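The values are calculated or read from the model by the stated rules, or taken from the named source; none is laboratory data. Note that the coordinates shown come from a computational prediction; the quantities given were computed from them, not determined experimentally. Glycine gets a Cβ as well: all are built from the backbone with ideal geometry, and neighbour counts include every protein chain shown. Accessible surface areas use protein heavy atoms only, side chains included; no ligands, DNA or RNA. Shrake-Rupley method; radii C 1.70, N 1.55, O 1.52, S 1.80 Å.
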Amino acid sequence: MRHCLQKLLERSRYRRLEIVVIDGGELTDPLLEDLRLLVESQLGAKSWQHLRDDSPYDYTTRINKAAAAAHGELLLQLNDDTELLAVEGIELLIQALARPDTGIAGALLLYPDGSVQHAGTAIDNLAPRHAWAGSRPEALPWGTLRGQRTFHAVTAAVSLCRRSLWERLDGFAERFPINYGDVDFCLRAAGLGQRTVLVPGSQWLHFESASRTLEEIPPELSVFEQIWGGRMGGPYGVDHYCSAWRMLLRKQSVDLGRVRQIRLRW
């Protein structure tokens, strides 16, 4: 949490920020005081809020409570295992919402090794997938990350939406307590005519699951399939974006196999 906020405050050119942190008791009082002083020293008084949720971990409940407490007209969801890279990262997300038909803007997230963690979320074979995950940005088809692109969804690890849209949709749905609430939210927004876009210029590191790990298949996947399956093409609905991603991964695997063979021969 401290690393996330410190890098945000060091690098972001956008300063009209209110930081709302919600936890379930994981953050100690000395750490919270340290974070408050860090934020207020950079952003001024009334720029910090801390909320405590003592109920069993439920991402949806926590994010909905935090959103309700925030005062801004724009809501930036930000996981604590992220690090801002681009100084204009927040500004670019805000600019994307200037179009009245754009409701949600997401960021390009990279693993610490520089490979893609999230470059848009597509629904493929009834499952939300991060297209290009694990690929090197320079290996992607030309133009992939050169401009905004509409997607089914973006991850809530870093995403921006208008408060008016959030309230119109009543936030994240309780039926998705841990996973897929962000995808469900974007799909419901699309039903209102609001696009979800990826903004590649807004770049962040994502230390995925650094704060919390979930190793098993999320139980919400079956709920997601029941709700959205028929509307997303059923089990045979293949997203062309994910198809190209799979082909790239297959090619990379073949090329790697060839390199290994050459090394063995040598």
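You will find that of ASP81, ASP53, ASP29, the residue that is open to solvent by 40 Å² or more (accessible area, probe 1.4 Å) and either modelled with pLDDT of 95 or more or touching a helix residue (DSSP H, G or I) at 6+ places or on another chain (Cβ under 6 Å) (or both) is ASP29 and no other. Being modelled with pLDDT of 95 or more, under 17 Å from ALA133 (Cα atoms), surrounded by 14 or more Cβ atoms within 10 Å (Cβ to Cβ) and among the aliphatic types (A, V, I, L, M) holds for only one residue in LEU248, LEU205, and it is LEU205.
Taking the listed residues ALA190, ALA131, ALA173, ALA156, the one that is open to solvent by less than 50 Å² (accessible area, probe 1.4 Å) and more than 17 Å from GLN77 (Cα to Cα) is ALA131, with no other qualifying. Which of the residues that make up the range 62-78 are open to solvent by less than 40 Å² (accessible area, probe 1.4 Å) and either modelled with pLDDT under 95 or small (Gly, Ala, Ser) (or both)? If the condition is that a residue be open to solvent by less than 40 Å² (accessible area, probe 1.4 Å) and either modelled with pLDDT under 95 or small (Gly, Ala, Ser) (or both), then ALA66, ALA67, ALA69, ALA70, GLY72 are the ones that fit. Among the conditions (1) at positive phi; (2) in contact with an Asp or Glu (Cβ under 6 Å, 6 or more places away or on another chain), LYS46 misses just one, which is (2). Every condition in (1) open to solvent by less than 40 Å² (accessible area, probe 1.4 Å); (2) more than 18 Å from SER12 (Cβ to Cβ) holds for TYR59 except the one numbered (1). Of the residues VAL116, VAL87, the single one that is open to solvent by 20 Å² or more (accessible area, probe 1.4 Å), modelled with pLDDT of 90 or more and of a type in the set (Val, Ile, Thr) is VAL87.
Determine if the range 17-24 includes at least one residue that is at positive phi and either open to solvent by 50 Å² or more (accessible area, probe 1.4 Å) or touching a Leu at 6+ places or on another chain (Cβ under 9 Å) (or both). Within the range 17-24 (the criterion being at positive phi and either open to solvent by 50 Å² or more (accessible area, probe 1.4 Å) or touching a Leu at 6+ places or on another chain (Cβ under 9 Å) (or both)), the answer is no, since none of the residues qualifies.
Which residues, taken from the range 124-181, are assigned to a loop (DSSP other than H, G, I, E, B), out of contact with any strand residue (DSSP E or B) (no Cβ under 7 Å at 6 or more places or on another chain) and among the polar types (S, T, N, Q)? ASN125, THR144, ASN179 - these are the residues of the range 124-181 that are assigned to a loop (DSSP other than H, G, I, E, B), out of contact with any strand residue (DSSP E or B) (no Cβ under 7 Å at 6 or more places or on another chain) and among the polar types (S, T, N, Q).
Given the condition under 16 Å from the mean Cα position of the chain (by Cα) and either closer than 28 Å to ARG175 by Cβ or of a type in the set (Val, Ile, Thr) (or both), answer yes or no: does some residue in the range 30-40 qualify? No, every residue in the range 30-40 fails to be under 16 Å from the mean Cα position of the chain (by Cα) and either closer than 28 Å to ARG175 by Cβ or of a type in the set (Val, Ile, Thr) (or both).
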